[in-house]
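Trainee: This is the structure I have questions about; it appears just below.
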Amino acid sequence: MRIKKFHGVSMPEVMKKVRSEFGTEAVILSSKVIKNGGFLGLFKKEMTEVVAGMDPDVPVERKKAIPSEPLLDKGNNRENQKILDEITQLKAIIQDGSTRNPALSPLMQELEQYLSRQGLQKPYVQSLVSSILEKYEPPNKRGDVKRMAVEELTDMLRQIPSGHTFQKRYIHLFGPTGVGKTTTLAKLAGDAVLNKGWKVGFITTDTYRIGAVEQLKTYAGILNAPVEVAYNMEDYRLAKEKLTDVDLVLIDTAGRNYRNRAFIEELQKVIDFEEQADHFLVLSLTSKYADMQAVYDNFSFLPVEKIIFTKEDETSTLADAVNLILEKKRGPAYITNGQDVPDDIQSMSPGKIAVQLMKGYTDEGSG
Ligand SMILES: Nc1nc2c(ncn2[C@@H]2O[C@H](COP(=O)(O)OP(=O)(O)OP(=O)(O)O)[C@@H](O)[C@H]2O)c(=O)[nH]1
Ligand SMILES: [Mg+2]
């Protein structure tokens with residue numbers, strides 16, 4: 001590890017120096033305020049001193065070439081015990097597996113641990129913590145830490161377009177089985193009919209699951225909206241022609257195991273992706289992150305602009321939504337939080353997500 005001291009008049013200034021020399025991988029080992037300069041001990045200026053370290057990329061060959069001098073010295077028991085103790089400590093730190101960085105202030109360590117426990121991926125935890133250290137004076141109250149984290153997280157998420165404004169005439173929903181596509185489509189239709197006074201129509205291409213058409217027809221009946229069923233691309237185009245007098249057409253699709261690319265190819269045979277339409281991928285927050293990534297990746301070559309995350313009420317954290325948004329640079333259009341149509345859906349903004357993720361971080365106590 002390369003270790004170096006950095007100085008500056010403020011923490012943000014020093015952090016900038018650390019980053020420009022050591023990059024984002026730098027580890028802060030300690031920080032303190034020191035007095036510098038002056039004359040005969042007078043007029044000294046306050047400076048911030050940070051000791052930072054960085055792991056240079058040691059090539060594999062060099063690692064092998066380390067001389068084979070014995071680490072433990074045969075005759076010196078006390079010295080040997082000291083080395084063994086240090087190795088044990090290092091092992092414990094490595095096995096801990098958390099992002100705990102003992103060089104950070106206790107409050108910032110606590111923030112790191114909170115975010116990691118929520119399930120936020122390590123690089124995002126680290127970049128959040130370093131932007132806080134870079135931009136603000138070191139916080140000394142939990143309330144301040146929370147406010148800064150919400151602000152920084154909002155900033156990170158704001159780079160990626162989110163929300164939905166009903167600009168396009170067609171809305172398509174795709175996604176794995178049972179994530180809530182049909183229910184969400186009914187919620188969106190409810191919003192358009194009840195709040196905008198629009199006339200809506202549905203097309204369903206889910207001719208696969210028994211009862212799927214009836215399920216949609218039940219919702220459509222309540223909203224007094226027509227339903228067209230499409231078995232193939234020709235039906236799909238005809239259905240659109242039949243619905244020219246409605247303001248918004250909502251298109252439901254069958255839930256399939258989209259970790260398998262073949263199902264996406266099948267989908268392309270029925271849905272026209274060239275169409276000027278909103279294409280939303282629906283993912284349940286109760287599913288495993290690796291599976292969400294795999295499904296997203298399979299859809300990534302299609303014009304899927306945004307993600308709808310469902311079943312927020314069945315999970316304790318939005319961390320995986322944040323991970324996916326930041327990793328794939330695709331924002332959320334909505335988050336749904338219950339089975340009730342049309343109420344249990346929220347348009348998502350970066351601020352709301354940030355507040356949600358930090359809501360378990362209380363102003364007092366630990367956690
Ligand atoms: N808890 C909870 N349940 C939801 C939510 N959205 C949908 N559901 C429930 O999830 C189940 C499946 O919903 P559907 O809308 O049929 O899901 P789908 O994706 O259309 O399912 P397939 O068409 O079979 O792939 C139903 O019991 C819904 O009530 C939500 O936000 N929270
Ligand atoms: Mg369905």
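The values are calculated or read from the model by the stated rules, or taken from the named source; none is laboratory data. Just so it is clear, the model here is predicted, and its values are computed rather than measured. Glycine gets a Cβ as well: all are built from the backbone with ideal geometry, and neighbour counts include every protein chain shown.
Trainee: Find all pairs meeting these conditions: Cβ atoms under 6 angstrom apart; at least six residues apart or on different chains; first residue within the range 325-343 and without any contact (Cβ under 8 Å) to a residue 24 or more places away in the chain; second residue outside any loop (DSSP other than H, G, I, E, B).
Mentor: Qualifying pairs under 6 Å: none.
Trainee: Let me ask something else about it. Taking the conditions exactly as written (surrounded by 13 or more Cβ atoms within 10 Å (Cβ to Cβ) and at pLDDT below 90), does A103 satisfy them or not?
Mentor: Details: surrounded by 13 or more Cβ atoms within 10 Å (Cβ to Cβ): yes; at pLDDT below 90: yes.
Considered against the rule, which asks whether it is surrounded by 13 or more Cβ atoms within 10 Å (Cβ to Cβ) and at pLDDT below 90, A103 comes out as yes.
Trainee: Which of (1) small (G, A, S); (2) surrounded by fewer than 22 Cβ atoms within 10 Å (Cβ to Cβ); (3) in contact with a helix residue (DSSP H, G or I) (Cβ under 9 Å, 6 or more places away or on another chain); (4) under 20 Å from I271 (Cα atoms) does G175 not meet, given it meets every other one?
Mentor: So the condition that G175 fails would be (2).
Trainee: If you don't mind, there's one more thing I want to ask. Which one is nearest to ligand 1 (Cβ to nearest atom), of the residues in the range 243-269 that are under 26 Å from the mean Cα position of the chain (by Cα) and basic (K, R)?
Mentor: R256
Trainee: List pairs: first residue in the range 291-303 and within 17 Å of F273 (Cβ to Cβ), second residue part of a helix (DSSP H, G or I) and at pLDDT 95 or above anywhere in the structure, Cβ distance under 8 angstrom, at least six positions apart or on different chains.
Mentor: Correct list of pairs: Y296/L324; Y296/K328; S300/K328.
Trainee: Inside the range 344-364, can you point out the residues that are farther than 19 Å from S284 by Cα and either among the hydroxyl-bearing types (S, T, Y) or free of Cβ contacts under 8 Å to residues at least 12 places away in the same chain (or both)?
Mentor: K359, Y361, T362
Trainee: Just a yes or no: is a residue in the range 309-319 assigned by TED's automatic domain parsing to the domain that holds A186, more than 16 Å from ligand 1 (Cβ to nearest atom) and over 20 Å from T205 (Cα atoms)? Spell out how you get there, then give the answer.
Mentor: Restricting attention to the range 309-319, the residues satisfying the condition of being assigned by TED's automatic domain parsing to the domain that holds A186 are 309-319.
Next cut, more than 16 Å from ligand 1 (Cβ to nearest atom) only: 319.
The next check asks that each one be over 20 Å from T205 (Cα atoms); those that pass are 319.
Yes, some residue in the range 309-319 is assigned by TED's automatic domain parsing to the domain that holds A186, more than 16 Å from ligand 1 (Cβ to nearest atom) and over 20 Å from T205 (Cα atoms).
Trainee: State which residue pairs qualify: first residue at positive phi and inside the range 117-138, second residue of a type in the set (S, T, Y) in any location, beta carbons under 8 Å apart, and separation of 6 or more residues or different chains.
Mentor: Taking only residues 6 or more apart or on different chains, the pairs are G119/Y289; G119/T317.
Trainee: Of (1) surrounded by 20 or more Cβ atoms within 10 Å (Cβ to Cβ); (2) modelled with pLDDT under 95, A149 satisfies all except one. Which?
Mentor: (2)
Trainee: What number goes with the only condition from (1) within 14 Å of ligand 1 (Cβ to nearest atom); (2) surrounded by fewer than 16 Cβ atoms within 10 Å (Cβ to Cβ); (3) at pLDDT below 95 that A212 does not pass?
Mentor: Only one criterion in (1) within 14 Å of ligand 1 (Cβ to nearest atom); (2) surrounded by fewer than 16 Cβ atoms within 10 Å (Cβ to Cβ); (3) at pLDDT below 95 is unmet by A212, namely (2).
Trainee: Could you check L281 against (1) surrounded by fewer than 18 Cβ atoms within 10 Å (Cβ to Cβ); (2) under 24 Å from K329 (Cα atoms) and say which number it fails?
Mentor: Condition (1) is where L281 drops out.
The rows are residues; the columns are (1) within 16 Å of ligand 2 (Cβ to nearest atom); (2) at pLDDT 95 or above; (3) small (G, A, S); (4) touching a Phe, Trp or Tyr at 6+ places or on another chain (Cβ under 9 Å).
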position: V304; (1), (2), (3), (4): no, no, no, yes
position: K328; (1), (2), (3), (4): no, yes, no, yes
position: N337; (1), (2), (3), (4): no, yes, no, no
position: G365; (1), (2), (3), (4): no, no, yes, no
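Trainee: So is T205 among the hydroxyl-bearing types (S, T, Y) and closer than 21 Å to P303 by Cα or not? Write out each step before concluding.
Mentor: Details: among the hydroxyl-bearing types (S, T, Y): yes; closer than 21 Å to P303 by Cα: yes.
Criteria met by T205.
Trainee: Report, by residue number, each residue of the range 108-149 that is in a helix (DSSP H, G or I) and of a type in the set (A, V, I, L, M, F, W, C).
Mentor: M108, L111, L115, V125, L128, V129, I132, L133, V145, M148, A149
Trainee: If you don't mind, another one. Criterion first (in contact (Cβ under 8 Å) with a residue 24 or more places away in the chain, under 24 Å from E274 (Cα atoms), of a type outside the set (D, E) and within 14 Å of ligand 2 (Cβ to nearest atom)) does T253 satisfy it?
Mentor: Details: in contact (Cβ under 8 Å) with a residue 24 or more places away in the chain: yes; under 24 Å from E274 (Cα atoms): yes; of a type outside the set (D, E): yes; within 14 Å of ligand 2 (Cβ to nearest atom): yes.
Criteria met by T253.
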